[in-house]
1. Mind counting the residues in the stretch 60-81 that are among the aliphatic types (A, V, I, L, M) and farther than 24 Å from A22 by Cβ?
2. Just checking, which of I69, I6, I17, I47 is over 18 Å from G117 (Cβ atoms) and under 19 Å from the mean Cα position of the chain (by Cα)?
3. Does at least one position in the stretch 56-65 carry a residue that is under 18 Å from the mean Cα position of the chain (by Cα), within 18 Å of A110 (Cα to Cα) and in contact (Cβ under 8 Å) with a residue 40 or more places away in the chain?
4. Would you check which residues across the stretch 38-57 are touching an Asp or Glu at 6+ places or on another chain (Cβ under 6 Å) and either on the phi > 0 side of the Ramachandran plot or at pLDDT 95 or above (or both) and list them?
5. Condition check: at pLDDT 95 or above, touching a Ser or Thr at 6+ places or on another chain (Cβ under 8 Å) and not hydrophobic (A, V, I, L, M, F, W, C). Does R102 satisfy that?
6. Scan (1) in a helix (DSSP H, G or I); (2) surrounded by fewer than 20 Cβ atoms within 10 Å (Cβ to Cβ); (3) free of Cβ contacts under 8 Å to residues at least 60 places away in the same chain for the single condition K158 breaks and write down its number.
7. When you check R128 against the structure, is it among the charged types (D, E, K, R), farther than 27 Å from F99 by Cα, outside any helix (DSSP H, G or I) and at pLDDT 95 or above, yes or no?
8. Of everything in the stretch 1-55 that's among the polar types (S, T, N, Q) and without any contact (Cβ under 8 Å) to a residue 12 or more places away in the chain, which residue is farthest from D133 (Cα to Cα)?
Amino acid sequence: MSLSEIIRLVLQNVAPILFVIALVVAGFDRGKPVADRLLSWLLLLPIGLGGLWSAYFHLFQPELAARAIGWIDSPFQFEVGMADLAIGLAGCFGFFASFGFRAAVTLITAVFLLGDGVGHARQMIVARNFAVDNAGPVFWFDLILPVLALAALFFSRKSRK
């Protein structure tokens, strides 16, 4: 694998890579209960920075983003980009915020990402769309991240009682 192929692979999988980094960092960060640490790092890295990364492509590279998903460019990408931007900013702020703020960001993110996952699955079934950003790591990330974040939120709340 050439250096350019490695760089492309990393750039296409920034959010899932940030997810793995969040898991590792949460394991080493010993300041709080494990659920609190995990929720904090999931909010900052894959939700926050990953959301900002996705926003950049939907807002400033829409043709590239659409092609990677297996779609044609559409005005709806601006709306998706703005949603990604809002969630990304909220995730970054959530790293430092109160439990209530974290809960709201986690719930909004879970609905958005699980909805994306359902949309990707539908595209695979109905349109036979197996493009890398429809059926690849992004699809699994859209399912695993919100479930883990919701679990961390639940156990974080239990540890506060």
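The values are calculated or read from the model by the stated rules, or taken from the named source; none is laboratory data. Bear in mind that the values here come from a model prediction, so they are computed numbers and not experimental data. FYI the Cβ positions are ideal-geometry reconstructions off the backbone, even for glycines, and counts take in every protein chain you see.
1. 3
2. I17
3. no
4. Of everything in the stretch 38-57, those that are touching an Asp or Glu at 6+ places or on another chain (Cβ under 6 Å) and either on the phi > 0 side of the Ramachandran plot or at pLDDT 95 or above (or both) turn out to be G51, A55.
5. Yes: the conditions hold for R102.
6. All conditions pass for K158, except number (3).
7. Against the criterion (among the charged types (D, E, K, R), farther than 27 Å from F99 by Cα, outside any helix (DSSP H, G or I) and at pLDDT 95 or above), R128 qualifies.
8. Restricting to residues being among the polar types (S, T, N, Q) and without any contact (Cβ under 8 Å) to a residue 12 or more places away in the chain, the top hit is S2.
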